[in-house]
1. Could you list 42, 296 so that the one with the fewest beta carbons within 10 Å of its beta carbon is first and the one with the most is last?
2. Could you calculate the FRET efficiency of residue 263 with residue 71 from 1/(1 + (r/R0)^6), where r is the beta carbon distance between them and R0 is 45 Å, rounded to 0.05?
3. Output ³J(HN,Hα) for segment 69-74: one whole-Hz value per residue in order, computed from phi by the Karplus curve 6.51 cos²θ - 1.76 cosθ + 1.60 with θ = phi - 60°, and x for Gly and Pro.
4. Could you tell me the calculated FRET efficiency between residue 381 and residue 110, based on Cβ-Cβ distance and R0 = 25 angstrom, to the nearest 0.05?
5. For residue 69, what charge total do you get from the other residues with a beta carbon under 12 Å from its beta carbon, if Lys and Arg give +1 and Asp and Glu give -1?
6. Along the charge dipole of segment 3-397, Cβ charges K/R +1 and D/E -1, which of 190, 227, 259 sits furthest on the positive end?
7. Neighbouring Cβ atoms within 10 Å as the yardstick, rank 277, 290 fewest first.
8. Between residue 283 and residues 5 or more places away or on another chain, which pairs have amide H atoms under 5 Å apart, with H built 1.01 Å from N, and which residues are they?
Amino acid sequence: MTNEDPTGELLADPYAVYDRLRETAPVHRVTGPDGLPVWLVTRYEDVRHGLADPRLSLDKRHSAPGGYRGLGLPPALDANLLNMDPPDHTRIRRLVSRAFTTRRIEELREPVRRIADDLLDAMAGDGRADLVAAYAAPLPITVICELLGVPPQSRRDFREWTDALLMPDPARPGRTGEAMAAVVGFFSELLAHKRARPDDDLLSALIAVREESGPDGTDRLSEDELMSLAFLILFAGYENTVQLIGNAALALLRHPGQLEALRADPGRIGAAVEEFFRYDGPALLALRRFPVEDMTIGGVTVPKGETVLLSLASANRDPGRFPEPGRLDLDRDTAGHVALGHGIHYCLGAPLARLETEVALTALLERFPKLALDVPEHELRRRPSTRARGLLELPVRY
C-alpha cells in the first residue's frame, strides 16, 4: 500500500502509471481528483472479484461521513442503476430488461449501418476530417436518440449537455447545473409527450413498464427511476460508445498490420471489438464502491464506508491474465476482460455498444481504404479525465 497522488500522471499516460502501481502492490491509498482519499485496486483477480462482491456497495448512503461527494445529481436523475444495490437494482434491471431486449438491439443493425453510411457520405468529399466530431460522436448519439424516441432537433442539445457533465469547465462553474436542469426539463416534457402519444421506441416501452404494477403494487418504476433510467441510457450509450469507436480507430491506425488483417477479413470484427475493449476501453475505472463492512482486498484492510475504485484498465493490462497486454492482438483470447464490468452490474448496454462499434468500424474501413492519421500522434488530445478514456479529436485523411 502506498499513499500518493497519481492524478497528473494518469492524465498523461494511465497505462504506465497502472503498470507501476500494479507491480508495486495490489491496492494503493491514493488521493482522488477531488482531493479525497480513495483505495485504488489494480490487479485483475482483485478487480474482477471486487466487481461482483456484494460487500462493495454502489449505494452512496454507505459512504463514510465526509467522504465521497460525487456529481450531485438531482433525484430525478440520480435514482438509477449506478447508485443501487439489490433488491432495488434487481427490480429495476428486471423491468428494464423487458424493454431492452437482445432482439430489439439486433433489429438496430441495419438502421445503424444506414446512419454510418450517411455520416461517411457527408465526409467523403473532403479528404480530411476530425473522426470524433464527424463520425464517432454523431453515430451513437443518433442511434441512442432514435432508440429512445428523441426528436432529431434535440440531439445537438443532448451532446452539449452530456459534454458539460463529462467535462466541467472551471471557467463556467454554473454550466454543469444548467445542463442538469436542461436534461430534467427536457425529459419531463418528452415523457409527457410519449404518454399521450406512445410510439415503437424504448422510452414508450419504459413508460409502459412504469405504468404496469405487480400484484402488490410495488413491482414498477417510480417517476424518478423512469427519468433517471432514460438519462442513464442516453448518457452511458453516448459516452462509452463514442470513446470506444475513437480509441479503436486510433488503435488500428497505430497498428497497420492489424488494420489490414481486419480489412481483409471483416468477419473478425466481433473478436476485434472485444480486443479493443480490453486494449483501450472507454472506462479506466469502474464506478466508485463503498464497503458495507471492514474487508480485505489484496491483503489490505479497507475500512467500512471508504471509497474503493476498481481499475478496469489496469486489470485488462495485467500480464498475469493477458500475456503481453500492451500489444494489440485481434486474435487474442479476450475472455474474461472486465471493460464492461462483471457480475450483477455488468453493463446493460453492452450488446448495443458492441453492435455500434462493429458496424461503425466495418463501414469506415470499407469506405476509406487509405485512412491515415493527419497529425503526429503526440499532438492528439484526450479528455482530461482520470475515469474516462477518450479522444477530444482524431484528425484523419483518406
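We did not get these values from a lab; they are worked out from the coordinates using the rules stated. All values reported here derive from a predicted model rather than from experimental measurement. So basically every Cβ, Gly included, is an ideal-geometry build from the backbone, and we count neighbours across all protein chains shown.
1. If I rank by nearby Cβ atoms, fewest first, I get 296, 42.
2. Efficiency for this residue pair is about 0.65.
3. With coefficients 6.51, -1.76 and 1.60, one gets 10, x, 6, x, 5, x Hz.
4. Here the calculated transfer efficiency is 0.15.
5. +1
6. 227
7. If I rank by nearby Cβ atoms, fewest first, I get 290, 277.
8. Distant-sequence amide H within range of residue 283: 389.
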